[in-house]
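The values are calculated or read from the model by the stated rules, or taken from the named source; none is laboratory data. Just so you know, these numbers come straight off a predicted model, no measurement behind them. Here the Cβ positions follow ideal geometry from the backbone for every residue, glycine too, while neighbour counts run over all protein chains shown. To get the accessible areas, we keep the full protein, side chains included, count just its heavy atoms, and leave off ligands, DNA and RNA. Shrake-Rupley method; radii C 1.70, N 1.55, O 1.52, S 1.80 Å.
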Amino acid sequence: MSDTITIRRPDDWHVHLRDGEVLQGVAQFTARQFARAIVMPNLASPVTSVDAAAAYRERIMAAIPAGVEFTPLMTCYLTDHTDPDELERGHREGVFTAAKLYPANATTNSAHGVSDVANIRDALERMAAIGMPLCVHGEVTDAEIDVFDREKVFIDRVLEPLLRELPGLKVIFEHITTEDAVRFVDGAGDNVGATITPQHLHINRNAMLVGGIRPHAYCLPVAKRERHRLALRKAATSGSAKYFLGTDSAPHAREAKESACGCAGIFNAPYALESYLQVFDEEGAIDRFEGFASENGPRFYGLPLNEARITLDRSGVEVPGEIDAGGTAIVPFHAGETLRWTLRL
Ligand code: NCD
Ligand code: ZN
């Protein structure tokens with residue numbers, strides 16, 4: 001058993017970097033671990049225009065420590081009123097790598113999201129025509145649907161019909177959490193891929209609810225039953241090119257999580273690779289880690305693979321109980337645990 005692994009530098013195909021002082025505090029963690037990242041547009045004032053995305057990209061670049069190579073890949077937040085011409089222009093000019101579909105009110109800062117996919121039909125047709133990828137938060141928001149069923153119902157009611165109507169649309173089914181999603185992605189065409197987070201590979205819903213309510217294990221889509229976690233571990237480590245790394249690192253201040261109405265989101269950026277690699281190690285699939293972390297994502301997006309290499313070794317790392325992000329205290333995923341692998345710098 002080898003004590004080191006050297007792979008192409010990975011990318012993160014789904015991250016929340018926030019803005020202002022928190023951005024200043026958290027960007028370094030993602031940039032240290034990843035060469036590129038698909039940056040989510042759900043700021044308090046969502047990124048819905050080419051100008052807003054270009055300006056946000058500048059703010060991100062200003063937050064990256066000197067000497068660290070990192071490229072933010074921007075996304076456009078779709079609303080009921082997105083103009084297909086604006087989308088196409090942003091994509092052509094290299095500002096929008098993809099567009100993001102948040103069903104209205106599905107998650108943090110999604111109030112301006114799409115209330116019915118029929119309302120963005122023109123935008124989606126244009127994206128299919130120009131090969132622009134669609135990132136999807138796959139949960140319905142109907143009050144009568146149980147929160148643990150929202151991903152499955154989204155597949156049946158939204159995703160499956162959408163892909164029947166626009167079979168060429170490139171779709172990333174993001175942060176999947178169920179065996180239903182795995183079955184759907186496996187059975188779909190090559191134009192459908194999925195990201196998987198470290199938390200959904202490590203924890204099931206017991207981690208959130210047994211022995212007291214644990215707000216730092218709460219994110220959306222919410223962690224499901226054990227059989228779903230096992231299906232995700234199998235998919236991630238299967239070697240299928242459809243699955244790739246997307247952390248969904250979503251920092252919130254400690255007090256915003258530890259609250260009577262705690263925010264959804266897990267901050268996993270500081271030790272994301274260590275966390276993922278532990279799963280691949282446990283599954284006896286270390287040889288498949290590079291595909292998941294560094295190859296499947298760029299191939300799906302049609303982008304070049306990174307040429308730089310990184311090394312992780314088995315020296316282990318203790319995850320701190322709290323991280324100071326530009327003056328905001330944030331509790332990271334795996335707080336207080338020791339992870340077996342360490343990224344060498
Ligand atoms: C994300 C956030 O906080 O922005 N939260 C989360 O639980 N994942 C939003 C999202 O991706 O759903
Ligand atoms: Zn997210």
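Things worth noting here:
- Cα gyration tensor shape of the stretch 10-302, rounded if a/c is under 1.5, else prolate or oblate by comparing a/b with b/c: rounded
- Lysine pair count for the chain [Cα-Cα under 15 Å; pairs on different chains or 8 or more apart]: 4
- The magnitude of the dipole of the stretch 192-246, with charges of +1 and -1 set on the Cβ of Lys/Arg and Asp/Glu and taken from the Cα centre, is near 160 debye.
- In this structure Lys234 has an accessible area near 150 Å², from a 1.4 Å probe over the protein heavy atoms.
- Summed residue charge, Cβ within 13 Å of Ile213's Cβ, Lys/Arg positive, Asp/Glu negative: +2
- Counting 0.36 nm for each residue step from Arg164 to Met61 and taking away their Cα separation leaves a gain of 33.2 nm.
- In the complete set of protein chains, residue-level accessible area for Asp85 is approximately 90 Å², probe 1.4 angstrom.
- ³J(HN,Hα), Karplus 6.51/-1.76/1.60, whole Hz, each residue of the stretch 104-113, x for Gly, Pro: 3, 6, 6, 7, 3, 6, 10, 4, 8, x
- Of all DSSP bridge pairs formed entirely within the chain, close to 30 percent run antiparallel.
- Net charge dipole size for the chain [Lys, Arg +1 and Asp, Glu -1 on Cβ; Debye, nearest 20]: 560 debye
- Projecting the Cα positions of Ala285, Leu101, Gly265 onto the charge dipole of the chain (unit charges on Cβ atoms of Lys, Arg, Asp and Glu, taken about the Cα centre) puts Ala285 furthest along the positive direction.
- Accessible area per residue for the chain, computed on protein heavy atoms with a 1.4 Å probe, is 40 Å².
- For the pair the stretch 321-345 and the stretch 10-45, the centres of their Cα atoms are 16 angstrom apart.
- Euclidean distance of C-alpha centroids, the stretch 46-62 and the stretch 217-269, integer Å: 25 Å
- Taking the protein heavy atoms of the chain in the context of the full set of protein chains, the accessible area attributed to carbon and sulfur is 48 percent at 1.4 Å.
- Built amide H within the under 5 Å cut-off of Ile266, gap 5+: Ala250
- Helix-only CD estimate at 222 nm, as mean residue ellipticity for the chain, using -39500 (n - 2.57) per DSSP H run (n ≥ 4): -8500 deg cm²/dmol
- Coupling constants for the stretch 38-52 follow from the phi torsions by the Karplus curve (6.51 cos²θ - 1.76 cosθ + 1.60, θ = phi - 60°), and in residue order they are 7, 9, 6, x, 8, 6, 3, 10, x, 7, 10, 10, 4, 4, 5 Hz; glycine and proline get x.
- Accessible area, probe 1.4 Å, largest first, for residues Leu169, Leu209: Leu209, Leu169
- Look at the dipole of the chain built from charges on Cβ: of Ala256, Tyr56, Ile310, the Cα furthest out on the positive end belongs to Ile310.
- Prolate/oblate/rounded label for the stretch 158-261 (Cα gyration tensor, a/c 1.5): prolate
- Cα gyration tensor shape for the stretch 248-292, rounded if a/c is under 1.5, else prolate or oblate: prolate
- Selection from Leu163, Leu220, Leu343, by position along the positive dipole direction of the chain (Cβ): Leu343
- Heavy-atom accessible area ranking, 1.4 Å probe, most first, across His16, His91: His91, His16
- Gain in span if fully extended, Thr6 to Glu144, counting 0.36 nm per residue against the direct Cα distance: 44.9 nm
- Across the stretch 207-220, coupling constants 3J(HN,Hα) worked out from phi with the 6.51/-1.76/1.60 Karplus curve, θ = phi - 60°, read 4, 8, 10, 8, x, x, 8, 10, x, 6, 9, 9, 8, 10 Hz, and Gly and Pro carry x.
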